[in-house]
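A quick write-up on the structure given underneath.
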């Protein structure tokens, strides 16, 4: 997905005479988590729109807030982190566990349930990620449900 997005960015920049823009990590995460019902054409149109509608400073990356609302609203859910009050009442060890579980579920969702790709992105060995998910009580059906399958 990142290679395809960069390809469309370079193509749109060439066609419009504008400099190509870097897509920030947060925006790329949303692009990767989106279902793309319009397939590749929708991605191409989104990238072209981003380039045209982005603020003028081409040295700054495109960020998640610049994406169309339908993509922003479809981010992989970082569930339950709205419970800040509850988390703040927990000891550090328990709060860390809640955060790790939600973070890892969101990343697994982002990569469609693919543990190898998730592990590579977050900087863990695949086997270590499997152990971590198991220790946090994340079952296969939790991952599949969050990944849309």
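The values are calculated or read from the model by the stated rules, or taken from the named source; none is laboratory data. Computed from a predicted model, the values in this text were never measured in an experiment. Note that each Cβ is placed from the backbone with ideal geometry, even for glycine, and that neighbours are counted across all protein chains shown.
Results for (1) part of a loop (DSSP other than H, G, I, E, B); (2) surrounded by fewer than 19 Cβ atoms within 10 Å (Cβ to Cβ), shown as yes or no for each residue.
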residue: 9; (1), (2): no, no
residue: 31; (1), (2): no, no
residue: 35; (1), (2): yes, yes
residue: 40; (1), (2): no, yes
residue: 56; (1), (2): yes, yes
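Which residue out of 92, 105 is modelled with pLDDT of 85 or more and touching a helix residue (DSSP H, G or I) at 6+ places or on another chain (Cβ under 7 Å)? Residue meeting the stated conditions: 105. Residues in the stretch 11-26 that are part of a helix (DSSP H, G or I), surrounded by 13 or more Cβ atoms within 10 Å (Cβ to Cβ) and modelled with pLDDT of 85 or more: 11, 12, 13. When 79, 131, 83 are checked against the criterion of being over 28 Å from residue 22 (Cβ atoms) and at pLDDT 80 or above, 131 stands alone in meeting it.
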